[in-house]
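**Student:** Quick one: the structure is below, questions incoming.
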Amino acid sequence: MATVTTIAKLGEHVGETVTLRGWLYNSRSSGKLLFLVVRDGTGLCQCVLEKSEATAAAFEAARHLGQESSLHVTGTVRADPRSPGGHELAATDVHVVQNASGYPITPKAHGIDFLMKNRHLWFRSQRQWAILRVRHTIVEGIREYFNRNGFILIDTPIFAPAAGEGAQTLFAVDYFGEPVYLAQTGQLYVEAACMAHGKVYCFGPTFRAEKSKTRRHLTEFWMVEPEIAYADLDDVCALAEDLVCYLVQKTLRERRPELELLGRDLAKLEAVQKPFYRITYSQAAEILHSERVRQLLTDDLARAAARVVELKKLMEEKEQERTAPGVKEWKADKLAHELLEARDELADQEEAVRNIPKHMELAANFQWGGDLGGSDETIIARLHDRPVFVTHYPRGCKAFYMKRNAADPRVVNNLDLLAPEGYGEIIGGSQREDDLEMLLERMREEGLKEEDYAWYLDLRRYGTVPHGGFGLGVERTVAWICGLKHIRETIPFARMMGRIYP
Ligand code: 4AD
Ligand code: MG
């Protein structure tokens, strides 16, 4: 019996005979040779089966296997620097567990709707496999970071009796006849816990009834929320900066092959070093009104418009080539794939042509007092090569619990961290209002009922101290680190408006 091992561990078995247990990713044959690319969850390995008297039965069994058939392959491990994982298996035996036929996700191109509906199978594709491994490492990094730095984990409830963030995005649930809400944040509860433990965090799923379909919004997403006692805005920023650097460096160290597979520009991630930029909301408003931004967007628009023309021409040419008489099947498939990719890019570029003028108008007419929109954040982030903190927003556009600034009472001591390359907000946080009277005033302004928050107000009655914290969204962080356009691929099963299957 050969040793059973995994593709990731083949390096420990060079020259030995081993068995891999996995699935058939793809295969091709050339005369007496059969090339089976097998995946087993830890990687991909090419297994080469040569037809001989000894292998005739295995050769026959393996020759007609469909994509994603499950199988064991036994063979001798050879180091081969050209192979995906650096090793190859000179196969001597194949045992078929199940011969699968008609696997829906073929090497041909598929549209995103189809892939999302087949998410349970799409997992097995290389890019999706890489993304969820990066997510795993980021989640592990978050836990590691807080556990090693003296934070106590506090699991906060998912059934929440009152709003923690804006009332517009609450999901109501019937709780034995009482309306309660799915938690938008664990923050109010970690504030209570930090008065007991000093440094705490919660980490779990949060829910927002986001009625817009954007690249950045899910209705169910994961957020980690640290909260520290005896802390001001600077302390909170320092913590956010340190955590983000830790996560980027850990991912670069441990998931380089996955990032490379995703085509991520690693230099951009390597540039994520302290100190991050810091600007105030008022400075951000000035930037949005600047000539530099007008020029940036004018150039973007010209570039997108030119690309639309280029793509349309390219697609016409490819379509002609694809449907030309006598074109080989493999060639037609390849062209179909390229056409689908071009069509995706065309949709993106056409969207840009439609949106950029709107973004220009929003930036130029930005009024002090309003929240920064997604496009505004993208602009600010693009003008910086490292993450940038935007602090001190007008209090009217932020949550009731944020600490009023002592020098300028129009603004609060809050922060949003914008990721570079236009990714926008990945962290939102603040120092908290620790003064009972001011907090009550803000709650009245927001129309919040005092009795709903009685326990929270107690924290300001019994030993109140300056404190603060933030929330980091896991999916937005994964999208940024992986360099993905859309957040939907960063979570195993995405929940968005209009999407709840599978
Ligand atoms: O800025 P937000 O709303 O902050 C809070 O919830 C605070 N209570 C956190 C705190 O201070 N303890 O959300 C924090 C982060 C955002 O920066 C973003 O990364 C993510 O959560 N986020 C979302 N991610 C995906 N889809 C959505 N709909 C999101 N809404 C927020
Ligand atoms: Mg926010």
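Coordinate-derived values only; no laboratory data. None of the values given here were measured: they were computed from a predicted structure. Quick reminder, even Gly has a Cβ in these numbers, built from the backbone with ideal geometry, and neighbours come from all protein chains shown.
**Student:** Each residue of the range 125-140 in order: what ³J(HN,Hα) in whole Hz does its phi give by Karplus 6.51 cos²θ - 1.76 cosθ + 1.60, θ = phi - 60°, with x for Gly and Pro?
**Tutor:** For the range 125-140, the Karplus curve yields 6, 4, 5, 5, 4, 5, 4, 6, 6, 5, 4, 3, 5, 5, 5, 4 Hz.
**Student:** Counting only residues 5 or more places away or on other chains, whose amide H sits under 5 Å from the amide H of K403 once H atoms are built in the peptide plane?
**Tutor:** Answer set, sorted by chain and number: N413, Q431, R432, E433.
**Student:** Sticking with this structure for a sec: Output the peptides 125-138, 334-347 sorted from most to least packed, where packing is the average of other Cβ atoms within 10 Å over each peptide's residues. Walk me through the numbers before you get to the answer.
**Tutor:** Details: 125-138: 18.9, 334-347: 15.0.
Highest-to-lowest ranking by the protection proxy: 125-138, 334-347.
**Student:** Shifting gears a bit: Tabulate in residue order the Karplus-calculated ³J(HN,Hα) for the range 263-273, using 6.51 cos²θ - 1.76 cosθ + 1.60 with θ = phi - 60°, rounded to whole Hz; enter x for Gly and Pro.
**Tutor:** With coefficients 6.51, -1.76 and 1.60, one gets x, 5, 6, 6, 4, 5, 6, 5, 6, 7, 10 Hz.
**Student:** Still on this structure, please answer the following. What list of ³J(HN,Hα) values in whole Hz, one per residue of the range 471-484 in order, does the Karplus curve 6.51 cos²θ - 1.76 cosθ + 1.60 (θ = phi - 60°) give from phi, with Gly and Pro shown as x?
**Tutor:** x, 10, x, 5, 5, 5, 5, 5, 4, 5, 5, 7, x, 9
**Student:** At D235 and E291, where each label point lies 7 Å from the Cα along Cα→Cβ, what is the point-to-point distance in nanometres?
**Tutor:** 4.5
**Student:** Quick one: which residues, 5 or more positions from G424 or on another chain, have an amide H under 5 Å from its amide H? H modelled 1.01 Å from N in the peptide plane, none for Pro or chain starts.
**Tutor:** A419
**Student:** What FRET efficiency would be calculated for the residue pair R461, E345, taking the C-beta separation as r and a Förster radius of 45 Å, to the nearest 0.05?
**Tutor:** On the way: r = 58 Å, r/R0 = 1.29.
Taking R0 as 45 Å, the efficiency between R461 and E345 is 0.20.
**Student:** Next up: Can you work out the FRET efficiency for the pair T323 and E446, with r the C-beta to C-beta distance and R0 = 60 Å, to the nearest 0.05? Working shown, then result.
**Tutor:** On the way: r = 61 Å, r/R0 = 1.02.
So, using R0 = 60 Å, E works out to roughly 0.50.
**Student:** Moving to a separate point now. Grab the DSSP H runs of the chain that are 4 residues or longer, score each as -39,500 (n - 2.57), total them, divide by all residues and round the 222 nm result to the nearest 500 deg cm²/dmol.
**Tutor:** Here the helix-only value at 222 nm equals -12500 deg cm²/dmol.
**Student:** Would you mind computing Rg(Cα) / (2.2 N^0.38 Å) for the chain, counting N as its residues?
**Tutor:** Numbers: Rg = 26.9 Å, N = 502, 2.2 N^0.38 = 23.4 Å.
Taking N as the residue count of the chain, the ratio is 1.15.
**Student:** What FRET efficiency would be calculated for the residue pair D371, M497, taking the C-beta separation as r and a Förster radius of 25 Å, to the nearest 0.05?
**Tutor:** Numbers: r = 20 Å, r/R0 = 0.81.
After rounding, the FRET efficiency stands at 0.80.
**Student:** Right, here's the next one. Based on C-alpha coordinates, I'd like the Rg and Dmax of the range 307-390, in Å.
**Tutor:** Both quantities, over Cα of the range 307-390: 19.8, 64 Å.
**Student:** At K9 and F123, where each label point lies 7 Å from the Cα along Cα→Cβ, what is the point-to-point distance in nanometres?
**Tutor:** According to this spin-label approximation, the distance is 2.2 nm.
**Student:** What is the spin-label model distance, in nm, from D113 to F176 if the labels are put 7 Å beyond Cα along the C-beta direction?
**Tutor:** With each label placed 7 Å out from Cα toward Cβ, I get 4.4 nm.
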